[in-house]
Structure formats: C-alpha cells, structure tokens
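Rule-based calculations on the coordinates, nothing more; no lab input. Values in this document were obtained by computation on a predicted structure and should not be read as measured data. Note that we place each Cβ from the backbone using ideal geometry, even for glycine, and neighbour counts take in every protein chain shown.
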Amino acid sequence: MAQPIRTIFFGTPEFAVPVLEALRHNARFQMVGVVTQPDRPTGRKKIITPSPVKMAAEKAGLPLLQPEKLKDEAIAQIGAIAPELAVVVAYGNLIPKRLLEALPRGFVNIHPSLLPKHRGASPLTATILEGDQETGVCLMALDEGMDHGPVIACRRAQLDNGETTESLRKKLTPIGADMIGKELVEYLDGKIKAVPQDHDQATFCKQIESEGARIDWHKPVLTIDRLIRAMHGVTPAWTTLDGVTLLVHAAKIETARPKEAPGTIINVKKYPAAAGADGYLVLNEIQLAGGKAMSGQAFLNGHKDLIGKKVV
C-alpha cells in the first residue's frame, strides 16, 4: 500500500467539516494540521465563537493554526509541519503563490458550483438567486486566481422546487466529502487529469451584505422569492414595515390570490408591484427586528395595527 500523504486542511464553515472527516478516516491521508479562520463574533450578542472546522479539529486532536492572514509567520509554521498536500474547502482567504508552490502535491479545492460558473465567495447563494435548475460540486487544483485553476472532476446535482441556500448546502456537503475517497484519490494516483477551465464562460459572485438582502417590492414576485430563499441560512431578506425592520425568513408563491391571504402582510390591491403575472407572494415566516420569528398568520393575529401598512 502507498505511503499515506501528509495532508493539511484549510477550511472554516460547517460545509467544510465532512470533508475534513473524510480525510481523517481515509488511510491514504495522514492529517498533519488544520488551518482555519480566527474566532469571530457571531449572533446578535456578538459572542466570540470558534469556527465549525476549529471545533472539529480540536475534537480530533489535530494541530491547529488560526492566522489572520497567510503571511510570513503562518507560512513558516505550515512549512514546519511539512505537508505534501493541502485540501481547501471555503477557507476564506486566498492562498499566496509561495505557499501554493511549496507543497509537492499542491493544493486542491472543493467548490460548490459547476465551474467556471459562480466563482467566488457565495456560489450557493448565486445559484438560488439566478434560478439555476442544476448545480454541482467541483474538485479543482488551486492556482493564484479566484477559483481559477484546472478542474479535476465535477458531480452534478438538481435543485428542488423551493430550494434555499441552507437546503442546497446540506445537499452538496456529502457530495464533496465523498469525492475525497474517489476522485481525489484517483487524481493523486494519476488516473484523472485536471482540465483547464474555459475562462471566457466564468461568472463571479461576491458575499452578499445586509443591504443586498433588502427586498425591492417593485421587482417581480419570482425575483423576490429567489432572494428570500437565497438569503435563508445566510442573512435574512428584509424590508421595513411602518418604519420597523421586518425580516422575511420564508415565503411562497401562490398562482391564484389566496381568498383570505392568511400569511401575507402585503395588500395586493394597494401594492400591485408585489404581485405579478407569476403569482402572489405569501410570507410564511417573518420577524420584527428584536422579536421572535413567527408564521405570517401569527404575525397578523398579534399585529393587527400593521395590516395594510406599506412595506418598503
């Protein structure tokens, strides 16, 4: 049997953890370290919280590095571990050229889109926003560019109706982990050759900040519905109602106007821009800033003073 490959893992979010676990439990890889983002403030109370990858690494007893940037000190620490191969999943920083060139087996990355489409920081969100019916997971060799390197292998996946970023993440996560024991091993054994991407077909996506999650009620219902689903599991879509921020966690398009519109706070007669030829938008789960999430019906029952108020 071939000697295990000394492997270091770069990753941060929950999506990356199953890939780390797949590497740990595969005899072809000897895990010598994990690199993840520093602990960050999260939630409304901004509590300093370790990344999911850090928690998994600590539980497994793996050497851990958390540099703010991959500069001289961090590169020296990684060099001291003497890894041969690096596997990257949503790490959150670009890998500098001198580190990319330092490992004899190079860096490989697992990316949740069908490259070259949706390169960048938010491929899952972009998939929902654009209404894609198909996506996938690609294993690629890293170079200096953003998701720019040659593709080793891709697996395709179909989107369900009503797919959200959160549900899509759960669908694609096991695919990426499974590629470790199959496509990655075959690549390292020389059975798969990486193929350069068609860079002319590349599209790019940035991380969406809060203002980008604001609902524009002048847009078609289908566009608003995609925004709400794309923001689910990221940062909630939002609007304002009578001057108060209203978070929209879930909605549904009805092709015919509901008789009593039980889950909506939109007066479709008064605000026809919120309804179009593709249906009426019913808000199923909403939340006033500082309050608790609740169903549209529960919101109406508790906030009758807001019925008919304009959302902007």
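Scale the Cα Rg of the stretch 5-205 by the rule-of-thumb value 2.2 N^0.38 Å and send over the ratio, two decimals.
With N residues counted in the stretch 5-205, Rg over 2.2 N^0.38 Å equals 0.99.
Given +1 on the Cβ of Lys and Arg, -1 on the Cβ of Asp and Glu, and no further charges, what dipole in debye does the stretch 5-205 carry about its Cα centre, rounded to the nearest 20? All intermediate terms of the calculation are to be shown ahead of the outcome.
Values: 24 positive and 24 negative charges, 109 e Å.
Taking the Cα centre of the stretch 5-205 as origin, the dipole is about 520 debye.
Suppose we keep just the alpha-carbon trace of the stretch 155-261; what are its Rg and Dmax in angstrom?
Computed over the Cα atoms of the stretch 155-261, radius of gyration and Dmax are 19.4, 63 Å.
Out of all DSSP beta bridges in the stretch 17-147, what portion is antiparallel? Express it as a percent rounded to 5.
Working: 7 of 12 bridges.
Here the antiparallel bridges make up roughly 60 percent for the stretch 17-147.
Just flag the GluC sites (Glu not before Pro) in the stretch 126-217 sitting in loop per DSSP whose Cβ has no more than 12 other Cβ atoms within 10 Å. Each step should come with its number before you reach the end.
Numbers: sites: 130, 134, 144, 163, 166, 183, 186, 209, 211; in loops: 130, 144, 163, 209.
Hits after loop and neighbour filter: 144, 209.
Taking the Cβ of residue 82 as the centre, find all other residues whose Cβ is under 14 Å away and add up their charges (Lys, Arg: +1; Asp, Glu: -1).
Details: positive: 6, 105; negative: 84.
Combined, the nearby Lys, Arg, Asp and Glu give +1.
For residue 147, list long-range residues whose amide hydrogen, built 1.01 Å from N in the peptide plane, is under 5 Å from its own amide hydrogen.
Under 5 Å from the amide H of residue 147 lies no amide H from a residue far enough along the sequence or on another chain.
What angle do you read, to the nearest 10 degrees and between 0 and 90, between the alpha-carbon axis of helix 72-81 and the longest principal axis of the chain?
Tilt of helix 72-81: around 60 degrees.
With both bridge residues required to lie in the chain, what share of the DSSP beta bridges run antiparallel, to the nearest 5%? Please report the intermediate quantities before stating the final value.
Values: 33 of 52 bridges.
Taking every DSSP beta bridge with both residues in the chain, the antiparallel ones total about 65 percent.
Report relative contact order for the chain in percent, whole number only (criteria: Cα-Cα under 8 Å, sequence separation at least 6). Please report the intermediate quantities before stating the final value.
Numbers: 618 pairs, mean separation 41.3, N = 312.
After rounding, I find 13 percent.
Tell me whether the stretch 130-211 comes out rounded, prolate or oblate; compute the Cα gyration tensor, take square roots of the eigenvalues as a ≥ b ≥ c, and use a/c under 1.5 as the rounded threshold.
Working: a/c = 2.14, a/b = 1.37, b/c = 1.57.
Oblate, because a/c is 1.5 or more while a/b does not exceed b/c.
Sorted from largest down, give the three principal axis spans of the alpha carbons of the stretch 1-98, whole angstrom values.
Cα spread of the stretch 1-98 along its principal axes, largest to smallest: 51, 29, 20 Å.
Could you point to the residue in 293, 103, 205 farthest towards the positive end of the chain's charge dipole, with +1 and -1 charges on the Cβ of Lys/Arg and Asp/Glu respectively?
So the residue furthest toward the plus end is 293.
Would you kindly derive the ³J(HN,Hα) couplings of the stretch 17-34 from the backbone phi angles with the Karplus curve 6.51 cos²θ - 1.76 cosθ + 1.60 (θ = phi - 60°), listing them in order in whole Hz, with x for Gly and Pro?
With the stated coefficients, the stretch 17-34 comes to 4, x, 5, 4, 5, 5, 5, 4, 9, 10, 5, 6, 10, 10, 6, 10, x, 9 Hz.
From the P(r) of the stretch 55-109, could you give the percentage of C-alpha pairs in the tail past 15 Å?
Summing the P(r) of the stretch 55-109 above 15 Å gives 52 percent of all pairs.
Rounded to the nearest 10 degrees, what's the angle between the helix 165-179 long axis and the longest principal axis of the chain, both from Cα atoms, 0 to 90?
Approximately 20 degrees, to the nearest ten.
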